[in-house]
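Encoded as structure tokens, the structure appears first; notes follow it.
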Amino acid sequence: MKNRIQVLGLLAGISILAFLAVSCATVPELKTLYRLPASSNQLAGHEVFFSLDDARESKGILKEGARNEFKHFPGNIIYSIAKYKEAGFRLGPYELTDMIKDGFSRRFKNMGLKVLHGAETGAPELKIVLQEFSLDFAKRDWIGKMRYEARLIKEGSILATQGISAQTEQYKIVGTKGADKALGELFTDAVNRLDVEKLFEQARLR
């Protein structure tokens, strides 16, 4: 009888450890694939000092509905990029602001711009003021929103601005694929929609 109790206790202990192992292995991940547009030389010969200002009221990505679906979300995004009409490749886990900086930097270079990461005399500043980046879940739909303002600045004066607001919705499918697709489409649309050439024209820097 004693041996039977010991065996049952051992089995129960193994079951608990197995459950904990599975729980730890299923930490939810958010994935974003940014797709670059076709490359061009529209702004070849120009250079900018690029900066990002995170002006969001709430620094969290997930709203209440999405938090219920991602109960143990670690905060970072698994970030991948894809050149025009090419398969994507993974860069790794990124904080949101680092992902946004990278996406815009690649977009600007894709247009022929030389991107400076330190202020240099004579180069205008292209500042992205991030106002919203969120993911929510309601009525079986993932809802992603991104809003920002681009400012072209020189010698402390704002020469041109452009506001971008994007939203996407994806029906929930197995796991988090719908959420991943929503974020990828949102980020790609919001970044690629910025008319950088028009900013330079408005600022009379072309």
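So here's what we get for this one:
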read-out: Where chymotrypsin sites (Phe, Trp or Tyr not before Pro) fall in DSSP loop in the stretch 36-96, at most 12 other Cβ within 10 Å; value: 84
read-out: Estimated distance in nm for a label pair at residue 162 and residue 76, the labels positioned 7 Å out from Cα along Cα-to-Cβ; value: 3.2
read-out: Neighbour-limited loop hits for trypsin sites (Lys or Arg not before Pro), the stretch 105-165 (at most 12 other Cβ within 10 Å; DSSP other than H, G, I, E, B); value: 139, 140
read-out: Pairs from 114/154; 85/109; 31/181; 71/172; 63/181; 83/145 whose Cα-Cα separation, in the structure shown, is over 19 Å; value: 83/145
read-out: Cβ-derived FRET efficiency at R0 25 Å, residue 177 paired with residue 40, nearest 0.05; value: 0.20
read-out: Per DSSP, loop GluC sites (Glu not before Pro) in the stretch 108-147 with at most 12 further Cβ within 10 Å; value: 120
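Taken together, the values in this text are just the output of simple stated rules run on the coordinates, not laboratory data. Values in this document were obtained by computation on a predicted structure and should not be read as measured data. Cβ coordinates were reconstructed from backbone atoms using ideal geometry, including for glycine residues, and neighbour counts include every protein chain displayed.
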